[in-house]
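Read the structure below first, then the notes.
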Amino acid sequence: MLPQLITDPSVLGGLLTDASNLPGRADGLVRPRSAEDVADILRHCQSAGIPVLPTAGRTSTTGGATPDGGWLMSMAAFDAVGEIGHDRASAGAGVWLGAFQSAIEATGRFYPPDPTSRNECTLGASVACNASGARSFRYGATRRWVEGLRVVLPTGEILDVRRGDPIPADWPVPRWHEPAVKTAAGYAPPASLLDLFVGTEGTLGVITDVTVRLTDLPSDVIGLIAFFPDRASALAFVEQARDASRGDPRGALSPRCLEYFDRGCLGMAEGRTTVPDGAGAALFCEQEVEACGADAHLEAWLEALTAHGALVDDTILATDGPSRSRLLELRHAIPAGINERVVRNGMRKIGTDLAVPDAALPRMMDLYEASPVEHVLFGHIGDSHLHLNLLPSTPEEAQRAKDWYDQLAREAIALGGTVSAEHGIGKLKRDHLRWMVGEEVLASFRSLKRRLDPNGILGRGNVFEQGPL
Ligand SMILES: Cc1cc2nc3c(=O)[nH]c(=O)nc-3n(C[C@H](O)[C@H](O)[C@H](O)COP(=O)(O)OP(=O)(O)OC[C@H]3O[C@@H](n4cnc5c(N)ncnc54)[C@H](O)[C@@H]3O)c2cc1C
């Protein structure tokens, strides 16, 4: 039996967009409570040709969670945390990611993927979007950590998929060369069945339950913010730290994250917190304390920072309560300053999610800095994945910013990079994906989609343009 279809506009009204602000429309909302409910709904919608969109925390920045007609499927009832063991933990797809991680850490174990949105986004969607975060520099994106999924196919078949399970021989699987950078753009060439449901943005199945792999919780973590006179010195430090970490992931200089803030970001923080005179850029870094001990880490970091001209006396080192608070104060002051500017400008910011090979990062940063409208640049510099935030204040500037973003995407592709390193394609970056992969590869995505979802009902409009197939 189908769960009740809710059509009350006051309920639907709150679910018609996501963090992208793209406007959407929907005819109803269903709230399944089990995989069998999901299967009944999908079978019905497949035969009636009704589009269905799973909706969770709606933090998608790309319109992925914005419905384009049809039914919304709330995943909120899948909210049970299951068994947390030494090597594995399981939970329903609708569990908040941050709460799941806290429950795991309370047992002394660790699930590393850390999108900034982890307290507002769900485990199931983080798998569907292959989310990543600052710690991905060390631990990779979500895909690497997923061990098992319960998935309902768009035709209503329930699959329990384990890592390594083979793909049915008659499924037309996309084969293409992804760029050799952190990427969340398009259907990744799958190594096994599980991969088809990680990072395909919910277009190939509805995830109801997730099992992940766990690792050791670090005994302690040192956090720091280091200020540099300019971008060049910060970048030179990053190159050394990146190489050292890749050479010896447990060494004295082996950051788990390297995050960049440009001069514009520091300007946005001024007034909320103290930014040292002469600071032209900053890095936020974390170092897990390894067997060599905290003192060996601090010595190695000090040596490398000094060698690259960091403003060493102004470095904020978080080893105790007050210094941790100062570090967090600065980290929070930057997005708060940016948001205030967005509100003042009365226009949406336009944020990029491009990543390029490490060797191409300086070229990409030149282009970011040449942006024709006000902007700030920050992000995951360890992975050569920075977010340029363009802050237009007039409709003309908004158009110029959008055109500039298109140019940057083309340049990232030409440099061997990706049009999305973590936020996915959704409905807003379909053109960029087409430029990146070309028509033939897109056609191979469509063939797989058609095989699993003959009437194109699930996640319609996400990843590629798609009416009834
Ligand atoms: C402030 C902010 C910071 C962010 N930081 C990061 C970051 O650091 N790294 C990062 O990778 N992303 C980040 N994001 C993007 C976003 O948070 C992630 O993609 C997140 O995984 C989406 O989770 P959600 O629960 O909000 O899903 P939603 O936005 O509701 O849905 C996202 C997509 O997943 C599909 N979906 C949802 N649940 C399921 C399911 N159970 N089965 C199948 N498909 C499903 C939806 O249909 C939709 O297409 C950020 C977003 C914001 C607003």
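Yes or no, residue by residue, for (1) surrounded by fewer than 18 Cβ atoms within 10 Å (Cβ to Cβ); (2) part of a helix (DSSP H, G or I):
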position	(1), (2)
R326	yes, yes
E340	yes, yes
Y368	no, yes
V376	no, no
N389	no, no
K402	yes, yes
L408	no, yes
A412	no, yes
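Here's the yes/no breakdown for (1) within 11 Å of the ligand (Cβ to nearest atom); (2) touching a residue at least 12 places away in the same chain (Cβ under 8 Å); (3) surrounded by fewer than 22 Cβ atoms within 10 Å (Cβ to Cβ); (4) aromatic (F, W, Y):
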| residue | (1), (2), (3), (4) |
| --- | --- |
| A39 | no, yes, yes, no |
| Q46 | no, yes, yes, no |
| V52 | yes, yes, no, no |
| T66 | yes, yes, no, no |
| F78 | yes, yes, no, yes |
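Being within 21 Å of A360 (Cβ to Cβ), of a type in the set (F, W, Y) and assigned by TED's automatic domain parsing to the domain that holds L328, is that true of even one residue in region 206-227? No; the residues of region 206-227 include none that is within 21 Å of A360 (Cβ to Cβ), of a type in the set (F, W, Y) and assigned by TED's automatic domain parsing to the domain that holds L328.
This table checks each residue for (1) within 14 Å of the ligand (Cβ to nearest atom); (2) surrounded by 18 or more Cβ atoms within 10 Å (Cβ to Cβ); (3) closer than 16 Å to Y139 by Cα; (4) under 19 Å from the mean Cα position of the chain (by Cα).
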site: S192; (1), (2), (3), (4): no, no, no, no
site: G202; (1), (2), (3), (4): yes, yes, no, yes
site: T208; (1), (2), (3), (4): yes, yes, no, no
site: L217; (1), (2), (3), (4): no, no, yes, no
site: L224; (1), (2), (3), (4): no, yes, no, no
site: F227; (1), (2), (3), (4): no, yes, no, no
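Please determine whether any residue of region 104-123 is more than 10 Å from the chain's Cα centre (by Cα), in a helix (DSSP H, G or I) and within 11 Å of the ligand (Cβ to nearest atom). Taking every residue of region 104-123 in turn, at least one turns out to be more than 10 Å from the chain's Cα centre (by Cα), in a helix (DSSP H, G or I) and within 11 Å of the ligand (Cβ to nearest atom).
Among the candidates G309, G351, the residue that is touching a strand residue (DSSP E or B) at 6+ places or on another chain (Cβ under 8 Å) and either surrounded by fewer than 15 Cβ atoms within 10 Å (Cβ to Cβ) or not assigned by TED's automatic domain parsing to the domain that holds P255 (or both) is uniquely G351.
Residues in region 124-143 that are in a helix (DSSP H, G or I) and over 26 Å from D453 (Cα atoms) were compared, and the one that is farthest from the ligand (Cβ to nearest atom) is R138.
The values are calculated or read from the model by the stated rules, or taken from the named source; none is laboratory data. Values in this document were obtained by computation on a predicted structure and should not be read as measured data. For neighbour counting, all protein chains shown are included, and Cβ atoms are generated from backbone atoms with ideal geometry for every residue, glycine included.
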